[in-house]
1. Just grab the label-to-label distance for A:E115 and B:S25, each label 7 Å out from Cα along the Cβ direction, in nm (one decimal).
2. Tell me the label-point distance for the pair A:E150, A:N196, using the 7 Å Cα-to-Cβ offset, in nm and rounded to one decimal.
3. Rounded to the nearest 100 Å², what's the accessible area chains B and A bury against each other, both chains counted, probe 1.4 Å?
4. Could you compute the FRET efficiency for A:A69 and B:V79, with r as their C-beta to C-beta distance and R0 at 30 Å, rounded to 0.05?
5. Quick check for you: which residues of the stretch A:74-103 have the amide N under 14 Å from the point 7 Å beyond the Cα of B:E66 toward its beta carbon?
6. Among the lysines, which fall within straight-line cross-link reach of A:K190, defined as a Cα-Cα distance under 27 Å, with same-chain neighbours fewer than 8 residues apart omitted?
7. Highest first, please rank the peptides A:147-154, A:79-86 by the mean number of other Cβ atoms sitting within 10 Å of their residues.
8. In whole Å, how far is the Cα centre of the stretch A:26-77 from that of the stretch A:90-117?
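The values are calculated or read from the model by the stated rules, or taken from the named source; none is laboratory data. Note that this is a predicted model, so its numbers are computed, not measured. With ideal geometry, Cβ positions are generated from the backbone for all residues, glycine too; neighbour counts draw on all protein chains shown. Areas reflect the complete protein model, heavy atoms only, side chains present, ligands, DNA and RNA absent. Shrake-Rupley method; radii C 1.70, N 1.55, O 1.52, S 1.80 Å.
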Amino acid sequence: MRRCVNNHCTLTSGLCHLAAAAFPCGRQLYNDFTARLRLSECSLALLHVSANREPELVEQLWRDIIRRAPNVESLVETVAHLGRKFALSDAVFPVPGLVYLLEQRAMSLDAQAAEPGWGVRALAEAGVPYAQVFDVYRRIADRAEWKAEEPFVHLMRSVLVLVDRWLQPVPVGVPRYSSTPRAEAAARRKLMWCCNGWGFGRRVQAIVCGQGG
Amino acid sequence: MAKYSFQTLTFALAVLSRARAASPSVSIDQRLDYLTRALTAAKSAPPGSAEGLTSQELQELEETAEVAAIQKQIYDAMVAINAPADDLRRLSAKLYDVSEVGMRLACADA
């Protein structure tokens, strides 16, 4: 039990009462402002500080953010910014769901509207490790809805961008994305194995050889 | 030391009261400023000591400041979309508490 000296107990309990329980209108922030005015980024920020996990609501908010982005560059910037802001917390920055939503948006755009792999670029700029992003693409590629020729080719274009970025030489002193050299080597072996299975292992090998790796 | 901490807590309590004052004359920026000052004052006493706040109390104060920062973010976003002046006035007229945010979101989602 906390020691109380003179008026300290009254003061500290008063302070904490004010800090923790004295803002009774707090519930209104979401319903009265961010939801009603469709401020989805602010709603995500509220979810980030609340203890609750709301995966369906988070997906709905991300769908809204992606749908309302005026152009691809703006969307890349938003995703990167929010990823860094939320420290990649999977409660509000669910990488698997985001890859899926971003690729769906990319599929719906004219191929001329943006360069391939902008979703990969957005996640990389947010700080998501390439190995993690690749793992998500590998799982998405196994889904039936992406097996048709056009979606599959689209997905593989993004994977090639990912591979290209991932295998770029890293300057000395810059930390690797994977936690250890061993984890990095294992992730790259899985990458080669998958790319061989998808029919462009040689192309990936050419990227590696092209940089003298 | 005890006297110094007592004065510090008195000051923290006073600025925190200003931060949460339900008044249209206090702007959201002023509220954030008061909260920052309250937090700085509260942190100046050794945590966990009889003179200072416990780490849990300090965390609660930090969470309050965190929510206030989001409230400011919401305010800026509302200004950017030219939200109705009445909404802006209502948002800046008081501070909000995170402890009930999760419950409300759960209710809204249900």
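1. 5.7
2. Once both label points are built, they end up 3.3 nm from each other.
3. Working: alone 7440 and 13280 Å², together 16410 Å².
Roughly 4300 Å².
4. Details: r = 20 Å, r/R0 = 0.67.
Taking R0 as 30 Å, the efficiency between A:A69 and B:V79 is 0.90.
5. Counting only backbone N, you get A:85-92.
6. A:K147
7. Numbers: A:147-154: 11.6, A:79-86: 18.5.
Top to bottom by mean Cβ count within 10 Å: A:79-86, A:147-154.
8. The two parts, judged by their Cα centres, are 17 Å apart.
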